[in-house]
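Report on the structure given below.
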Amino acid sequence: MDQINQPIPMSSPDLGEAERQAVLDVLNTPDLSMGPRISQFEEAFCQWTGSQHAIGVNSGTAGLHLCVRAAGISTGDYVITTPFSFVASTNVLLFENAVPVYVDVDPRTGNIDTQMVAAAAHDLMAGGEKARQWLPPRGIETGRSLKAILPVDVFGQPADLDPILEVARQYQLQVIEDSCEALGAEYKGRPAGSVGDFGVFAFYPNKQITTGEGGVIITNDDAAADFMRSLRNQGRAVGDTWLQHTHLGYNYRLDEMSAALGTVQMSRLDELIAKRVQVADWYAERLSEIPGVETQVIEPFTTRMSWFVYVIRFAPGIHRDRLAKKIGELGIPARPYFAPIHLQPYMVERFGYRPGDFPVTEDLGNRSLALPFSGVMSEAQVETVCRIIHQSL
Ligand SMILES: Cc1ncc(COP(=O)(O)O)c(C=O)c1O
């Protein structure tokens with residue numbers, strides 16, 4: 001069995017001299033927060049997405065939370081969303097004591113199943129026993145209102161948004177698009193994040209662009225944008241002094257070093273996405289030769305894929321965890337991705353979920369493995385990862 005000489009990281013940011021200089025330039029000014037860089041960074045998102053407002057925040061989670069507040073989602077409200085996601089898309093609902101109403105996902109892509117979204121919305125509006133079947137097993141009353149749909153653009157591929165928008169229009173629901181994994185992707189030619197009422201991006205160092213930590217919300221709703229700008233800044237509204245707080249707010253501000261770094265990264269977004277496409281293509285080519293390994297399906301409506309992670313699935317019968325352990329010992333990190341949210345201990349305790357509740361999500365959760373992935377990976381590294389997987393299988 002081959003051993004590798006250099007460890008291959010799970011992910012790596014793609015940073016150059018321009019990024020370093022941009023951060024140093026900020027350090028030579030007195031404005032380390034709430035200066036001019038945040039506006040420049042936000043402007044780059046308006047340009048990229050065509051949205052009227054972009055609001056920089058200090059994480060994707062913070063961005064999603066502000067959207068939940070701006071959408072008026074509060075105690076007891078239902079929000080249709082997916083259990084095949086990173087926990088933040090559910091947690092922001094729980095922060096406001098709202099109820100995540102899960103529907104299962106499309107087995108081909110891992111994105112929310114839009115027929116189930118339509119069926120759930122119909123039944124939740126009808127109420128009674130029909131509504132009950134969609135609600136968490138424990139601790140939830142029927143008869144509350146359905147407020148929103150929160151789809152997630154999984155692994156860099158947009159959810160099928162048109163049918164979701166149709167349901168939203170029919171029942172007057174808001175759509176919050178969790179595009180934290182999909183900056184730069186396009187749905188039928190439209191930028192991910194810009195299709196619903198709100199879209200959110202995130203910039204942890206494994207993302208398409210990074211600011212260290214950070215996020216951006218986009219929206220065309222003027223009043224919601226003002227409200228979210230206020231909430232990110234401790235609830236200070238336009239015209240408030242430093243110790244006036246019109247709303248209950250948070251410190252979700254993005255600092256100037258991060259914004260400066262992000263502005264340079266945004267200027268390179270096409271290049272950064274193209275490099276990730278190249279790495280994904282190398283993977284696809286080599287993995288196609290390995291029996292029992294499935295790669296990501298890209299839908300025709302995904303007019304531009306923006307690879308965030310490279311996730312493969314093993315055919316039933318292959319022991320994913322044993323394989324991950326084995327390749328890990330040989331220097332190849334790999335992780336199950338996603339772990340279904342409804343089976344996280346705090347969700348089981350609060351809502352009484354059990355294995356089997358969302359079979360497609362659980363099946364994907366059991367068979368999927370995220371491989372090392374970034375735009376700075378070399379073809380030789382991809383070759384090594386694939387060779388070691390092949391030998392280990
Ligand atoms: C789908 C999804 N939603 C939300 C987030 C949260 O972003 P952050 O880590 O910046 O809070 C992430 C981050 O990985 C994510 O993948």
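Among VAL385, PRO372, TYR353, whose Cα lies farthest out toward the positive end of the dipole of the range 323-393, if unit charges sit on the beta carbon of Lys, Arg (+1) and Asp, Glu (-1)?
Ranked along the dipole, the leading option is TYR353.
If you average the sequence gap of Cα pairs under 8 Å that are 6 or more apart and divide by the length of the chain, what percent do you get for the contact order?
Relative CO of the chain lands at 24 percent.
If each residue's Cβ is checked for other Cβ atoms within 10 Å, how do CYS386, CYS67, CYS46 rank with the fewest at the top?
CYS46, CYS386, CYS67
State to the nearest 20 debye the size of the charge dipole of the chain about its Cα centre, where the only charges are +1 on K and R beta carbons and -1 on D and E beta carbons. Kindly include the intermediate steps, with their values, before the conclusion.
Working: 32 positive and 47 negative charges, 157 e Å.
About 760 debye.
Where a Cα-Cα gap under 14 Å defines reach, which aspartates and glutamates qualify for LYS326, not counting those fewer than 8 residues away within the same chain?
Excluding near neighbours in sequence, the set is ASP2.
Count charges around ASP221 for me, please; just the other residues with Cβ under 14 Å from its Cβ, Lys/Arg as +1, Asp/Glu as -1.
Values: positive: ARG69, ARG229; negative: GLU177, ASP197, ASP222, ASP226.
Overall, the nearby charge balance is -2.
Where does the longest stretch of the chain lie that holds no trypsin sites (Lys or Arg not before Pro) found in a DSSP loop with 14 or fewer other Cβ atoms within 10 Å? Intermediate values should be presented prior to the final figure.
Working: sites that count: ARG108, ARG138, LYS188.
Here the longest segment lacking exposed loop sites spans 189-393.
Over the range 142-282, what per residue volume does the convex hull of the Cα atoms give, in whole Å³?
Per residue, the Cα convex hull of the range 142-282 comes to 152 Å³.
Please give the net charge around TYR78, taking every other residue with its beta carbon less than 14 angstrom from that of TYR78, where Lys and Arg add +1 and Asp and Glu add -1.
0
Could you pull out the longest piece of the chain with no exposed loop GluC sites (Glu not before Pro) in it, calling a site exposed if DSSP puts it outside H, G, I, E, B and it has at most 12 other Cβ atoms within 10 Å?
142-288
Give the percent of DSSP beta bridges with both residues in the chain that are antiparallel, rounded to the nearest 5.
60
Which residue fluctuates most in the GNM of the chain (Cα springs below 10 Å): VAL264, VAL103, VAL238?
VAL238
Expressed as a whole number of Å, what is the distance separating the alpha-carbon centroids of the range 74-118 and the range 329-393?
20
Taking 1 over the mean of 1/r across every pair of different Cα atoms in the chain, what Kirkwood radius in Å do you get?
When all Cα pairs of the chain are included, the Kirkwood radius is 21.8 Å.
Which of the lysines could a cross-linker bridge to LYS207, judged by Cα under 18 Å and excluding same-chain residues fewer than eight apart?
Hits, sequence-local ones excluded: LYS275.
Read-outs throughout are calculated quantities, based only on the coordinates presented, and are distinct from any laboratory measurement. What you see is a predicted model, and the numbers here were worked out from it, not measured in a lab. Using ideal geometry, Cβ is built from the backbone for each residue, glycine included, and neighbour counts are taken over all protein chains shown.
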